[in-house]
Amino acid sequence: MQTMDTDIREELRLLRARAFGPAADIDRDPAALRRLRELEALSAVGSPEKPEPVEDEPEPEPAEETPAPAAEPAESPSSTPLAEAVPPAPTDAREDAAEPDAPRPTRARFPRHIVVLWAGSVVAAAALAAGAAYGLARISPVAVSSGAPQIATLEPTSSIEVPPGWVGAGPSSKVWEFHDLVLFETTSGFSNSGGIGCFTALAAEELPERDADTSSWSLSGGLYAGCAVGTFPATISMRVDSNAPEQLRATYPDSALQFVKDGDRIGVFLDRG
């Protein structure tokens, strides 16, 4: 009977590596497969010493030992199925090298209604962006301010009195003065803007006497009025021309003035155009 010497054990180790290793190929070599059976039988019967395990590969669990003949007659490659001779080789060496318990990546799946809502939000955002671009293409920007410099800030004065009821003045209307131009609060303006916080401007020489009838009045010069509407302040814009007071014409000839009411104050802006 053939014994398990060093050369045979080395041959058995190499054949096991071809059968159970990561690059198993013994199923394509019938002669090597037969030789592996012979050496496995010889190892089980003729030698109590276990063969050395294949390097870097886990030692296969020993099968339940059963008596076997000392040598099997040669068989044709098709006489014994490969599945009965050796355990099936791993399908992919790279999978064996990976950790057995490593989780496999999975694709996230979202409910259908979430996908529909997401798609709808994308369409809505695109529509808003397109609408904004269309609006910007059609609307030409206009400067909010004329850029005219402010030349004065008027505070209420008590040196000029405007009779209540005259040109819409009330009993507690505040009054301002600027180079013989009198400005005073009125209950309504003459611009038909339907606003509030109105004020009126006219030449000081137009003011009536103290004992004049305020229910009727007439003017020989210009009259200017403005009211606040929404967030827009009450504003009066006027050309300094022949209708303006003489002192105002002498100080700011051939120019334009703007008066903007801000609470109890009035800002004056000049455009020498």
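No lab work stands behind these numbers, since they all come straight from the coordinates. The structure presented is a predicted model; accordingly, all values stated were derived computationally and were not measured.
Please list 3J(HN,Hα) in residue order for region 33-43, calculated via the Karplus relation 6.51 cos²θ - 1.76 cosθ + 1.60 where θ = phi - 60°; whole Hz, with x for glycine and proline. Once rounded to whole Hz, the list reads 5, 5, 5, 4, 4, 4, 5, 5, 5, 5, 5.
Maximal additional length on extending the A32-Q150 stretch stands at 31.9 nm, based on 0.36 nm per residue less the C-alpha distance.
Scanning residues 5 or more positions from G165 or on other chains, those with amide H under 5 Å from its amide H are G170, with H placed 1.01 Å from N in the peptide plane. Applying 0.36 nm per residue to the separation of F232 and A212 and subtracting their alpha-carbon distance, the gain on full extension is 3.7 nm. A full extension of the chain between V122 and I196 corresponds to an added length of 22.1 nm, given 0.36 nm per residue minus the alpha carbon distance.
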